[in-house]
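I have placed the structure first, in the form of structure tokens, so that the comments after it can refer back to it.
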Amino acid sequence: TQVVISETHQGPNDPEPRKVQWGATVNDGEDAASAALRNCEQRGITTADRVVEVARIVNGKMQDLDYTPPAELKLRTGGAYRKRAEASVKEGKYSEGAADCVRALLRPGLDPTAQDPLLKIMTDAMLKLGRQRAREAKEAQEDEKYAEQKAEAQQLAKAWKEVLVVDEAAWAAIDSWVIANVSNKTGEVVAAIPLTLSGKGEADGLSVNVEVRSGEDAHGATFEFCAAHNIRGLDQVEQLTQMLDAKLDEKDYDAPAHMQLKTPNEHIKRAQAHEEAHDYAAAGAEYVRAFKAPGLTPAQKQELTQRLSSVMGAYSSVKSYATAWQGGKFAEAV
């Protein structure tokens, strides 16, 4: 229900009192006191005497309305209102305490000596109510700010989650590549030649076997053995390949069809494709096959010598990196 409030008000900048009209609402469950207090708070009216004045107007207007306020709001005496107001203020229910003071002040025949104490209680309640509203507004502002920060954090977390998915895929690819480069060969040994290494350091005099396993050929086995033991001389590579080929002939072993010798250019193209894919073992095997392919020219042989040495160095580095990575020695891998 809406009622019209007509007041005579003189502000600090007004030369004369002026009439002010504004609409006040009475909600279901309210009486004149609680409605006046709420409307005044909304309009920024904070003085007790003005709230009481508005309540008198609302109370008068409500006499003509078909509305009865809740019975529990009404008490029999001004003293009862005062007692309930004081209890409400102690409990932090400042709005209810102030409203009870207004109800007491609206009672006809109120003892004049009771008016000042009631206004004092009401003023204190309204002051505390104002502070409470200020705290609530600040908390609401902080909650809004927190909500914005939380939304930003959630958005950032979502973005990071997407990054981590891509990152995880990248590391999975690295792990797969590492495993492919350090995996132990499991095929059956079809041919083996015992050798004694010579050179500087711990490798000098070391007895080792050069092995060809099922699914391999002499060229791939030669490349991996020479790269692993730092054998870079082309004559040694060719000699070891011939020795393994002879051994495989004795075993009547046929290498897979895709490893059969083609033209030098075809093997060089295959090797270059493997290099681009960082599969240096496959690239090196193709370069060794190119050396054995029929029709090799001196210019091709010179180019192959350089390419083979380069890919051996790359393969050796990759092997060392992959072994360190798989072993969890990341500093060494870097």
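For the chain, a crude dipole built from +1 on the beta carbon of Lys and Arg and -1 on the beta carbon of Asp and Glu, taken about the Cα centre, is about 1640 debye to the nearest 20. Run through all the Cα pairs of the range 100-171 and give the fraction in each 10 Å bin from 0, expressed as whole percent. Per 10 Å bin, starting at zero, the Cα-Cα P(r) for the range 100-171 comes out as 16, 21, 15, 14, 11, 9, 8, 5, 1 percent.
Counting every Cα pair in the range 36-82, what percent are over 14 Å apart? Tail of P(r) above 14 Å: 63 percent of Cα pairs.
Put a dot 7 Å past the Cα of residue 154, heading toward its Cβ, do the same for residue 228, and the two dots end up 5.6 nm apart. What the phi angles of the range 123-131 give under the Karplus curve with 6.51, -1.76 and 1.60, with θ = phi - 60°, is a coupling list of 4, 4, 5, 5, 5, 5, 5, x, 5 Hz, glycine and proline written as x. Considering all different alpha carbon pairs of the range 192-260, the Kirkwood hydrodynamic radius works out to 12.6 Å.
Expressed as a fraction of 2.2 N^0.38 Å, the C-alpha radius of gyration for the range 262-334 is 1.28. Looking at the range 175-334, what % of the alpha carbon pairs are farther apart than 21 Å? Of all Cα-Cα pairs in the range 175-334, 48 percent lie more than 21 Å apart.
What lysines could a cross-link reach from residue 90, if we take a straight Cα to Cα line under 17 Å and drop same-chain neighbours fewer than 8 places away? Qualifying lysines at Cα under 17 Å: 120, 128.
At q = 0.15, 0.18, 0.20 Å⁻¹, what base-10 log of I(q)/I(0) does the Debye formula yield for the range 1-150 when every alpha carbon is treated as an equal point scatterer in vacuo? Once normalised to I(0) and log-transformed, intensities are -0.82, -1.09, -1.26.
Normalised by residue number, the volume inside the convex hull of the Cα atoms of the chain is 347 Å³ per residue.
The slack in the chain from residue 147 to residue 134, taken as 0.36 nm per residue of separation less the alpha-carbon distance, amounts to 2.7 nm. Ignoring lysines fewer than eight residues from residue 158 along the same chain, the ones with Cα atoms less than 24 angstrom from its Cα are 145, 150. For the range 54-114, the equivalent ellipsoid derived from the alpha-carbon gyration tensor has semi-axes of 21, 15, 10 Å in decreasing order.
Just so you know, all these numbers are worked out from the coordinates, no wet-lab data involved. These numbers were taken from a predicted model, which means no experiment stands behind them. A quick note on method: Cβ atoms are made from the backbone with ideal geometry, for glycine too, and the neighbour counts reach across all protein chains shown.
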